[in-house]
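Below you'll find the structure, written out as structure tokens, and then a few comments.
The values are calculated or read from the model by the stated rules, or taken from the named source; none is laboratory data. Model, not experiment: these values are computed from the prediction. Here the Cβ positions follow ideal geometry from the backbone for every residue, glycine too, while neighbour counts run over all protein chains shown.
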Amino acid sequence: MPELPEVETVRRGLEPAMLGRRLDAAVARRPNLRFPFPDGFGQRLTGRRVTGIRRRAKFLIFDLDGPEVLIAHLGMSGSFRIGAGPFPEEKHDHVIFRMSGGGEIHFNDPRRFGFMDIWSAEDLGSYPMLAKLGPEPLDDDAFNGKVLAARLKGRKTPIKAALLDQGVVSGVGNIYACEALFRAGISPKRLAHTVQGARADKLAQSVKDVLKAAIESGGSSLRDHIRPDGELGYFQHNFDVYGRTGEACRHAGCAAPVRQIVQAGRSTFYCSRCQR
């Protein structure tokens, strides 16, 4: 599933094609994705101008010049494709946005785990999938070591599982949890409530650093992530531990093999020598 860097890369890619432009048409080519499209989906969007494109965790929020916003989630395999004009529709292009000026944006989702919804702009904070999200990790005022330590207090789950809890910190998924824990030198098996003080400070900074580095590389393309311009992300070439089972740890002087275990049904990659 695309994580925060991939969604942020998509957001940045969509801005030049959509920001300030009118939706001349919004066409849903099927009745549903993960969920049914809201009633009047096309009619409610057609004629609206896109005034902003935001990201909240793994969600995209399209601000419109009206009382409602469009909310989109990429799911497992969703991607947007941009064309300067009309271009051929593929089998899994489920939503077509035709923009003023002639451009088109296609939302393609082979597995149909993504979704789109329309919600009141004034009441966005009550949207069920946004209401319980934790702080944005790239917001220095909302997320730091002190905030992280407070959210981990009393948690008896492994720290890796806690990082994947979107109520602890939003937008972090399996890849970047593994990478952040490696950078912080913290074992994924360590109990979350023991990550306090200097450890929490270091982990919070590592989360920020790895997310920023991934965004600058266009995210990670493993299976489905494609940028709106059709290019792949490149951060997968910079993984320290993720997917590197048996390969040597990259810390100078270590060279211990990267290990792989399963935690809560997800693969975890780490160095048992460097991470404590």
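Kindly list the number of the only condition in (1) surrounded by fewer than 18 Cβ atoms within 10 Å (Cβ to Cβ); (2) assigned to a strand (DSSP E or B) that fails for Glu90.
It is condition (2) that Glu90 fails.
Going residue by residue through the range 179-187, is there one that turns out to be charged (D, E, K, R) and in a loop (DSSP other than H, G, I, E, B)? Walk me through it before giving the result.
Within the range 179-187, the first condition is being charged (D, E, K, R), and the residues that meet it are 179, 183.
Of the ones still in play, those that are also in a loop (DSSP other than H, G, I, E, B) are none.
Among the residues of the range 179-187, not one is charged (D, E, K, R) and in a loop (DSSP other than H, G, I, E, B), which makes the answer no.
So which residues in the range 101-128 are in contact (Cβ under 8 Å) with a residue 24 or more places away in the chain and assigned to a strand (DSSP E or B), if there are any at all? Break it down into steps so the answer makes sense when it comes.
Applying the first criterion (in contact (Cβ under 8 Å) with a residue 24 or more places away in the chain) to the range 101-128 yields 101, 103, 105-122, 124, 127.
Ile105, His106, Phe107, Asn108, Phe115, Met116, Asp117, Ile118, Trp119, Ser120, listed by residue number.
Pick from the range 23-64 the residues that are among the small types (Gly, Ala, Ser) and without any contact (Cβ under 8 Å) to a residue 40 or more places away in the chain: which of them is nearest to Phe143 (Cα to Cα)? Working first, answer last.
Step one: list which residues in the range 23-64 are among the small types (Gly, Ala, Ser), which gives 25-26, 28, 40, 42, 47, 52, 57.
Now restrict to residues that are without any contact (Cβ under 8 Å) to a residue 40 or more places away in the chain: 40, 42, 47, 52.
Details: Gly40: 38, Gly42: 37, Gly47: 38, Gly52: 24 Å.
So the residue we want is Gly52.
In the range 184-204, is there at least one residue being at pLDDT 95 or above and within 18 Å of the chain's Cα centre (by Cα)?
The answer is yes; a qualifying residue exists.
Condition check: farther than 20 Å from Gly42 by Cβ and either among the hydrophobic types (A, V, I, L, M, F, W, C) or at pLDDT 95 or above (or both). Does Ala121 satisfy that?
Details: farther than 20 Å from Gly42 by Cβ: no; either among the hydrophobic types (A, V, I, L, M, F, W, C) or at pLDDT 95 or above (or both): yes.
So Ala121 does not fit the description; no.
Scan Leu74, Leu4, Leu60, Leu70 and give me the residue that is in contact with a Pro (Cβ under 6 Å, 6 or more places away or on another chain) and under 23 Å from Val172 (Cα atoms). Steps first, answer last, please.
Working: Leu4 fails: in contact with a Pro (Cβ under 6 Å, 6 or more places away or on another chain); Leu60 fails: in contact with a Pro (Cβ under 6 Å, 6 or more places away or on another chain); Leu70 fails: in contact with a Pro (Cβ under 6 Å, 6 or more places away or on another chain).
The match here is Leu74.
Just to be sure I understand, how many residues within the range 13-22 are farther than 15 Å from His73 by Cα, in contact (Cβ under 8 Å) with a residue 60 or more places away in the chain and not in a loop (DSSP other than H, G, I, E, B)?
Let us first name the residues in the range 13-22 that are farther than 15 Å from His73 by Cα, namely 13, 15-22.
Of the ones still in play, those that are also in contact (Cβ under 8 Å) with a residue 60 or more places away in the chain are 13, 17-18, 21-22.
Those left that are additionally not in a loop (DSSP other than H, G, I, E, B): 13, 17-18, 22.
Result for the range 13-22: 4.
With Glu6, Glu104, Glu89, Glu15 as the choices, which residue is at pLDDT below 95 and charged (D, E, K, R)? Let's see the steps before the verdict.
Details: Glu104 fails: at pLDDT below 95; Glu89 fails: at pLDDT below 95; Glu15 fails: at pLDDT below 95.
Result: Glu6 is the single residue among Glu6, Glu104, Glu89, Glu15 that is at pLDDT below 95 and charged (D, E, K, R).
Report yes if some residue within the range 129-149 is over 20 Å from Gly52 (Cβ atoms), touching a helix residue (DSSP H, G or I) at 6+ places or on another chain (Cβ under 6 Å), of a type in the set (Lys, Arg) and not in a loop (DSSP other than H, G, I, E, B); otherwise report no.
Within the range 129-149 (the criterion being over 20 Å from Gly52 (Cβ atoms), touching a helix residue (DSSP H, G or I) at 6+ places or on another chain (Cβ under 6 Å), of a type in the set (Lys, Arg) and not in a loop (DSSP other than H, G, I, E, B)), the answer is no, since none of the residues qualifies.
Can you tell me which residues in the range 81-90 are out of contact with any His (no Cβ under 7 Å at 6 or more places or on another chain), touching a residue at least 12 places away in the same chain (Cβ under 8 Å) and within 14 Å of Asn108 (Cβ to Cβ)?
Step one: list which residues in the range 81-90 are out of contact with any His (no Cβ under 7 Å at 6 or more places or on another chain), which gives 82-88, 90.
Those still in the list that are touching a residue at least 12 places away in the same chain (Cβ under 8 Å) too: 82-87, 90.
Those that are out of contact with any His (no Cβ under 7 Å at 6 or more places or on another chain), touching a residue at least 12 places away in the same chain (Cβ under 8 Å) and within 14 Å of Asn108 (Cβ to Cβ): Ile82, Gly83, Phe87, Glu90.
Do we find that Ser100 is under 23 Å from the mean Cα position of the chain (by Cα) and among the hydroxyl-bearing types (Ser, Thr, Tyr) in this structure?
Details: under 23 Å from the mean Cα position of the chain (by Cα): no; among the hydroxyl-bearing types (Ser, Thr, Tyr): yes.
Criteria not met by Ser100.
What single numbered condition from (1) of a type in the set (A, V, I, L, M); (2) modelled with pLDDT under 95; (3) buried (at least 17 other Cβ atoms within 10 Å of the Cβ) fails to hold for Leu23?
Failed condition: (2).
Please find, among Arg54, Arg81, Arg30, Arg98, the residue that is exposed (fewer than 14 other Cβ atoms within 10 Å of the Cβ) and in a strand (DSSP E or B). Step through it out loud before you land on a result.
Numbers: Arg81 fails: exposed (fewer than 14 other Cβ atoms within 10 Å of the Cβ); Arg30 fails: in a strand (DSSP E or B); Arg98 fails: exposed (fewer than 14 other Cβ atoms within 10 Å of the Cβ).
Unique residue meeting the criteria: Arg54.
Determine if the range 201-220 includes at least one residue that is touching a helix residue (DSSP H, G or I) at 6+ places or on another chain (Cβ under 6 Å), surrounded by fewer than 19 Cβ atoms within 10 Å (Cβ to Cβ) and more than 22 Å from Cys274 (Cα to Cα).
We begin by selecting, within the range 201-220, every residue touching a helix residue (DSSP H, G or I) at 6+ places or on another chain (Cβ under 6 Å); these are 201-204, 206-207, 210-211, 214-215, 217-220.
Narrowing further to those that are surrounded by fewer than 19 Cβ atoms within 10 Å (Cβ to Cβ): 201-202, 217.
Remaining after also requiring more than 22 Å from Cys274 (Cα to Cα): 217.
Checked the range 201-220: at least one residue is touching a helix residue (DSSP H, G or I) at 6+ places or on another chain (Cβ under 6 Å), surrounded by fewer than 19 Cβ atoms within 10 Å (Cβ to Cβ) and more than 22 Å from Cys274 (Cα to Cα).
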